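Following: one structure in structure tokens, then a few remarks.
The values are calculated or read from the model by the stated rules, or taken from the named source; none is laboratory data. Keep in mind it's a predicted model, so treat the numbers as computed, not measured. Using ideal geometry, Cβ is built from the backbone for each residue, glycine included, and neighbour counts are taken over all protein chains shown. Accessible surface areas use protein heavy atoms only, side chains included; no ligands, DNA or RNA. Shrake-Rupley method; radii C 1.70, N 1.55, O 1.52, S 1.80 Å.
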Amino acid sequence: LAQSLFALFASSLAISLVFAIIPLCHNVVVLAVVMAVAGLAMGCIDTISNMQLVKIYQKDSAIFLQALHFFVGFGALLSPLIADPFLSDTNCILSNSTANASSNLPHIRKSLVPHHPGNLSHYDLPMKGMVVTRVSYAFWIMALINLPVPIAVFFLLYKERMVPCFNGSSHPLLSADELAMETRPVDKDELSTPGQRPQAAGGHDDLFNCCQSRNFRGASYTYFAVHVTGALVLFMTDGIVGEYSGFVYSYAVEEPLSVVHKVAGYLPSLFWGFITLGRLISIPVSYRMKPATMVFINVVGVLITFLLLLIFSSSVVFLFVGTASLGLFLSSTFPSMLAYTEDILQYKGCATTVLVTGAGIGEMVLQLLVGSIIHDRGSYSFLVCGMIFGCLAFTFYAFLVFFHRMYPKPSPELDDASPDKAAVTDDTGQYQR
């Protein structure tokens, strides 16, 4: 736990520093390095936060994962609204020809479609002159908004007596909480001694414990198959999120839909808005419904939505309806899949790392793939690719269910002795196994 919190502190602080530095980068290589640091930090936060929620709350983790990913969607929806007032509708470089360049910008925007982005040389945009832009303020505001996060993580480290230089009289925040007893078997008699409770907090597994080779000795092929098929489902579904939000605007402004550019600009916002709404709805739903059932509904819903989008491909109204529907069905796929896979694998935390990595790779690779296909084959291939990815996601989910049924269940004796079994309370309110 201490390693995870220190990693979260360093990563969240790095993000604030990166956002503060970005406006000061006047070289593309420096900017690329800074953005790479931001990507590493965000990857650490994504992996560790999911993994720790799974290990701490175990069978109850589905609700907390839905809440976590609701805030992910909420942040994705909120940050463009913060940046929007600082974006310029004209060229940001002042020169003698600025007035002419500014009047050309609407024509340039209409020409920026996937098939014909090249021949814009007759529009003379000034490249030299005084730079006038307020977009730097958006980055600095985001850096300040993020700053309370590392402060809060450091405060938690301090209260839990995990900061080496500050081991004074501070009382632990979770002295008798389930969190302190979660990671190793503790006898009831041991818990009855107050002086021994703080030591229980030090019994957390190593952050990279799941990656040690001894954990894979004697593992059945279904153990690895569950990891792989779960990661492939998220590879497809998170890839759909990335490619749909990235290319739905380009698809809408081209024929046969030819949506007005300003109206088409609402589609990505609508998509992320319904993802956020879906994750909010999923918090109480996950309390009543099993994660496996939620994932099944999600992948089937994605498949049906893409099928209807293909059938009504000439309808602008249904494009908006389908975008909203797709956002709802994709919203809870990631947290539900994490909860389902970890439930199969007894909440070790390994599956979370594999699944988060698979989802990130899918979001990167499928955007690149779909962008290339749209450029070569036309805008209609955008929906065809989505349909193919939806079919693959459903297929991999079917394989996951098959391997789940074949996966050996732990015996009750081993389950009672397992350090990963959730703590329960007795009549005195003390935690026991």
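If a residue must be open to solvent by less than 50 Å² (accessible area, probe 1.4 Å) and over 15 Å from V233 (Cβ atoms), how many such residues does segment 355-371 contain? Qualifying residue count for the region: 2. Inspection of segment 303-321 finds no residue satisfying the criterion of being modelled with pLDDT of 90 or more and under 20 Å from the mean Cα position of the chain (by Cα). May I ask you to say which residue of L53, L31 is in the same structural domain as P148 (by the TED database), crowded, with 16+ Cβ neighbours inside 10 Å and in a helix (DSSP H, G or I)? Just a single option satisfies the conditions, and that option is L53.
The numbered conditions (1) over 17 Å from T341 (Cβ atoms); (2) open to solvent by 40 Å² or more (accessible area, probe 1.4 Å); (3) of a type outside the set (D, E, K, R) are all true for A20 except (2).
Among the residues of segment 310-321, is any of a type in the set (V, I, T), open to solvent by less than 10 Å² (accessible area, probe 1.4 Å), on the phi < 0 side of the Ramachandran plot and assigned by the TED database to the domain that holds L270? Checked against the condition, which is being of a type in the set (V, I, T), open to solvent by less than 10 Å² (accessible area, probe 1.4 Å), on the phi < 0 side of the Ramachandran plot and assigned by the TED database to the domain that holds L270, segment 310-321 yields no hits at all. Just to be sure, is F224 open to solvent by 30 Å² or more (accessible area, probe 1.4 Å), part of a helix (DSSP H, G or I), within 24 Å of V321 (Cα to Cα) and at pLDDT 85 or above? So F224 fails the test.
If you go through segment 153-179 and keep only what is modelled with pLDDT of 85 or more and either open to solvent by 60 Å² or more (accessible area, probe 1.4 Å) or in a loop (DSSP other than H, G, I, E, B) (or both), you end up with F154, F155.
Out of L326, L307, L280, one residue alone is in a helix (DSSP H, G or I) and either of a type in the set (K, R) or buried (at least 22 other Cβ atoms within 10 Å of the Cβ) (or both). It is L326.
Using the structure shown, decide if F389 is at pLDDT 50 or above and more than 23 Å from the chain's Cα centre (by Cα). Spelling it out, it is not the case that F389 is at pLDDT 50 or above and more than 23 Å from the chain's Cα centre (by Cα). Looking at the structure I just gave you, is F74 open to solvent by 70 Å² or more (accessible area, probe 1.4 Å), of a type outside the set (G, A, S) and in contact (Cβ under 8 Å) with a residue 24 or more places away in the chain? Spelling it out, F74 is indeed open to solvent by 70 Å² or more (accessible area, probe 1.4 Å), of a type outside the set (G, A, S) and in contact (Cβ under 8 Å) with a residue 24 or more places away in the chain.
Let's see how each residue does on (1) open to solvent by 20 Å² or more (accessible area, probe 1.4 Å); (2) at pLDDT below 90; (3) more than 23 Å from M337 (Cα to Cα); (4) in the same structural domain as V248 (by the TED database):
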residue	(1), (2), (3), (4)
I373	yes, no, yes, yes
S379	no, yes, yes, yes
F396	yes, no, no, yes
V401	yes, no, no, yes
V424	yes, yes, yes, no
T428	yes, yes, yes, no
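Kindly establish whether Y347 is open to solvent by 10 Å² or more (accessible area, probe 1.4 Å) and assigned to a helix (DSSP H, G or I). For Y347, the condition - open to solvent by 10 Å² or more (accessible area, probe 1.4 Å) and assigned to a helix (DSSP H, G or I) - is not met. Screening segment 283-302 for residues that are open to solvent by 40 Å² or more (accessible area, probe 1.4 Å) and of a type outside the set (A, V, I, L, M, F, W, C) and picking the one that is modelled with the lowest pLDDT gives Y287. Residues in segment 365-403 that are among the polar types (S, T, N, Q) and under 15 Å from E243 (Cβ atoms): Q367, S372, S379, S381.
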